[in-house]
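A.B. asks: Take a look at the following structure, please.
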Amino acid sequence: MAASNRMMLGPLVGSIDQGTSSTRFLVFNAKTSELLSHHQVEIMQKFPKEGWVEQDPKEILSSVHECVEKTCEKLQQLNIDITNIKAIGVSNQRETTVVWDKTTGEPLYNAIVWLDLRTQATVDHLLKKIPGKNKSFFKFRTGLPLSTYFSAVKLRWLLDNVEEIKQAVGDGRAMFGTIDSWLIWVCICGKNGGVHCTDVTNASRTMLFNIHSLEWDPELCQFFDIPMEILPKVRSSSEIYGLMKICPSLTFAKKPTNLSFQCLGDQSAALVGQMCFQDGQAKNTYGTGCFLLCNTGQKSVFSEHGLLTTIAYKLGRDKPVCYALEGSVAIAGAVVRWLRDNLGILKTSQEVEKLAAEVGTSYGCYFVPAFSGLYAPYWEPSARGIICGLTQFTNKNHIAFAALEAVCFQTREV
């Protein structure tokens with residue numbers, strides 16, 4: 001498209017894609033879906049103790065601002081009017097947990113990432129309250145097993161272990177949310193009357209949400225001993241959440257504007273993005289982890305083989321809710337980052353393909369990247385990573401091949 005014609009573009013749609021490893025902002029032509037510009041930045045993960053995985057909520061927010069700024073600069077260089085951005089969507093890492101102070105707007109602790117294992121003792125304590133220590137006791141209400149993976153146990157750990165959060169809850173200052181809630185609250189006025197909400201897909205990953213009634217479940221909140229007043233309001237995945245002011249320095253956002261604001265957990269967003277709207281259609285996407293979701297329509301289907309039942313989407317207040325079966329794999333792309341950052345056998349993540357291609361086989365070397373236990377279909381938090389089948393012939397190329405092959409093996413299982 002010629003630059004002169006780009007000025008004639010109609011409405012544009014922006015998308016914040018806030019993932020575990022990076023943040024992106026993308027802008028599309030609303031009529032043609034053409035990607036016009038984007039920017040991406042990598043974000044840090046912190047590992048303060050064995051099994052702990054944290055991120056700085058303010059760094060996450062800063063990364064969103066940077067991506068929006070850079071993308072809009074690129075659009076202006078293309079002579080595209082950024083005031084034509086009429087809608088913003090958020091796609092986010094789902095179970096990562098944040099608690100912040102609504103009076104100051106400051107996070108009260110680092111975000112506890114979905115991969116984090118510190119809550120195993122919390123899970124063990126909660127299991128003692130369940131008849132027969134049955135991890136699937138709440139499955140038909142939540143679609144989920146009791147696991148370190150989901151937000152409720154992370155929030156319970158924060159309430160038990162962080163004095164600032166205990167005090168803030170007692171004072172009525174605390175707000176809980178997954179990353180979508182944190183970003184939406186800040187973007188829509190923040191401490192000056194911010195909108196505290198989430199959508200049904202993210203809510204369905206907390207273990208506090210009834211996936212049939214589509215409401216926070218008082219009995220589940222009582223079981224986890226979590227005060228319901230700190231929870232966000234649950235909305236559909238597609239509606240106007242409020243007046244949005246995402247980045248004050250941007251021309252299109254210098255004053256609150258009625259922007260249609262959509263939100264979907266990242267894996268639900270991928271299902272929608274791949275147009276899997278029919279029963280039985282499935283997608284598998286590869287990021288930090290990999291997640292296979294199969295659309296089951298308006299019927300919630302429950303697995304006897306370690307899959308999760310989750311909400312796929314609800315595309316409007318008056319639209320029906322659709323469900324999915326999900327096979328969750330914790331470590332996929334993250335194993336490549338581990339080879340780069342921990343072992344130092346890669347300078348860039350892109351090198352892994354070249355190394356693996358040079359040998360074309362692992363020569364009997366196998367890699368099980370259970371850095372955060374094993375998710376579907378095992379749900380075994382005590383599992384740990386292993387590289388086996390090593391000989392004197394084994395080199396970094398074979399390990400690179402085995403790492404990529406591990407993603408394939410895990411995908412095949414789910």
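A.B. asks: With θ set to phi - 60°, apply the Karplus curve 6.51 cos²θ - 1.76 cosθ + 1.60 along the range 206-211 and write out the HN-Hα couplings as whole Hz, x wherever there is a Gly or Pro.
C.D. replies: With the stated coefficients, the range 206-211 comes to 8, 6, 10, 10, 7, 6 Hz.
A.B. asks: What trypsin sites (Lys or Arg not before Pro) does the range 108-167 have in DSSP loop regions with at most 12 other beta carbons within 10 Å?
C.D. replies: Values: sites: 118, 128, 129, 133, 135, 139, 141, 154, 156, 166; in loops: 118, 128, 129, 135.
When the trypsin sites (Lys or Arg not before Pro) of the range 108-167 are filtered for loop state and at most 12 Cβ neighbours within 10 Å, 128, 129 remain.
A.B. asks: What residue among 120, 77, 55 shows peak mean-square fluctuation when the chain is described by a Gaussian network model with Cα springs under 10 Å?
C.D. replies: 77
A.B. asks: Using the Cα gyration tensor of the range 251-378, with a ≥ b ≥ c the square roots of its eigenvalues, what is the shape: rounded (a/c below 1.5), prolate (a/b larger than b/c) or oblate (neither)?
C.D. replies: Working: a/c = 2.73, a/b = 1.46, b/c = 1.87.
Oblate, because a/c is 1.5 or more while a/b does not exceed b/c.
A.B. asks: Roll a 1.4 angstrom probe over the protein heavy atoms and tell me the percent of accessible area of the chain that is carbon or sulfur. Walk me through the numbers before you get to the answer.
C.D. replies: Working: 9370 of 17890 Å².
Carbon and sulfur atoms account for 52 percent of the accessible area of the chain.
A.B. asks: A follow-up question, please. Just the accessible area per residue of the chain, please: how many Å² with a 1.4 Å probe?
C.D. replies: It amounts to 43 Å² per residue over the chain.
A.B. asks: Also, quick follow-up: Once you order the gyration tensor axes a ≥ b ≥ c over the Cα atoms, which shape class does the range 12-268 get: rounded for a/c under 1.5, otherwise prolate or oblate by comparing a/b with b/c? The partial results should precede the final answer.
C.D. replies: Numbers: a/c = 1.94, a/b = 1.84, b/c = 1.05.
Prolate.
A.B. asks: Another question about this same structure. Okay, helix-only estimate at 222 nm for the chain: each DSSP H run of n ≥ 4 adds -39500 (n - 2.57), divide by all residues, round to 500 deg cm²/dmol; what do you get? Write out the running numbers ahead of the final one.
C.D. replies: On the way: 13 runs with 118 residues, N = 414.
Calculated mean residue ellipticity at 222 nm is -8000 deg cm²/dmol.
A.B. asks: In whole angstrom, how long is each semi-axis of the equivalent ellipsoid of the range 81-167, when you take the square root of 5 times every eigenvalue of its Cα gyration tensor and sort them from largest down? Write down the numbers at each step before the final one.
C.D. replies: Details: eigenvalues 193, 77, 20 Å².
The answer is 31, 20, 10 Å, longest axis first.
A.B. asks: Turning to a different aspect of this structure: With +1 assigned to the C-beta of every Lys and Arg and -1 to the C-beta of every Asp and Glu, and no other charges, what is the dipole magnitude of the range 12-268 about the Cα centre in debye, to the nearest 20? Kindly include the intermediate steps, with their values, before the conclusion.
C.D. replies: Numbers: 28 positive and 29 negative charges, 75 e Å.
With Lys and Arg at +1 and Asp and Glu at -1, about 360 debye.
A.B. asks: Out of the GluC sites (Glu not before Pro) in the range 285-383, which ones are loop residues according to DSSP with at most 10 other C-beta atoms within 10 Å? Could the numbers behind the result be given before it?
C.D. replies: Values: sites: 304, 326, 351, 353, 358; in loops: 304.
Taking the range 285-383 and a limit of 10 other Cβ atoms within 10 Å, the loop GluC sites (Glu not before Pro) found are 304.
A.B. asks: So if I take the alpha carbon set of the range 143-189, get Rg, then get Rh from the Kirkwood formula, what is the Rg over Rh ratio?
C.D. replies: Values: Rg = 12.6 Å, Rh = 12.2 Å.
Here the Rg-to-Rh quotient is 1.04.
A.B. asks: Restricting to the chain, compute how many DSSP beta bridges are antiparallel as a %, nearest 5. The partial results should precede the final answer.
C.D. replies: Details: 49 of 66 bridges.
If I count the DSSP bridges inside the chain, around 75 percent turn out antiparallel.
A.B. asks: Okay, moving on. Show the residues, 5+ positions off or on another chain, whose built amide H is closer than 5 Å to the amide H of residue 94.
C.D. replies: 266
A.B. asks: OK, next. Using unit Cβ charges (K, R positive; D, E negative) and no other charged atoms, how large, in debye to the nearest 20, is the dipole of the range 121-234 about its Cα centre?
C.D. replies: Numbers: 13 positive and 12 negative charges, 74 e Å.
Dipole about the Cα centre, nearest 20: 360 debye.
A.B. asks: Among the trypsin sites (Lys or Arg not before Pro) within the range 273-331, which fall in a DSSP loop and have no more than 12 other Cβ atoms within 10 Å of their own Cβ?
C.D. replies: Working: sites: 283, 299, 314, 317; in loops: 299, 314, 317.
Those that pass, being in a loop and sparsely packed, are 299, 317.
A.B. asks: Hey, if you put +1 on the Cβ of every Lys and Arg and -1 on every Asp and Glu Cβ in the chain, which of 130, 12, 275 ends up farthest toward the positive end of that dipole?
C.D. replies: 12
A.B. asks: Next up: Any idea what the relative contact order of the chain is, in percent, if you count C-alpha pairs under 8 Å spaced at least 6 apart?
C.D. replies: Over the chain, the number comes to 12 percent.
A.B. asks: Given a 1.4 Å probe and heavy atoms of the protein chains only, how would you sort 187, 294, largest accessible area at the top? Please list the in-between numbers first.
C.D. replies: Working: 187 5, 294 35 Å².
Largest to smallest exposure gives the sequence 294, 187.
A.B. asks: Let me ask something else. Which entries of 46/233; 191/314; 139/299; 46/347; 58/233 show an alpha-carbon separation above 18 angstrom in the structure shown? It would help to have the intermediate numbers written out before the result.
C.D. replies: Details: 46/233 30 Å; 191/314 28 Å; 139/299 15 Å; 46/347 20 Å; 58/233 22 Å.
The answer is 46/233; 191/314; 46/347; 58/233.
The values are calculated or read from the model by the stated rules, or taken from the named source; none is laboratory data. The model shown is predicted, which means the values in this text are computed figures rather than measured ones. Note that each Cβ is placed from the backbone with ideal geometry, even for glycine, and that neighbours are counted across all protein chains shown. Quick note on the areas: whole protein, heavy atoms, side chains included, nothing else; ligands and nucleic acids left out. Shrake-Rupley method; radii C 1.70, N 1.55, O 1.52, S 1.80 Å.
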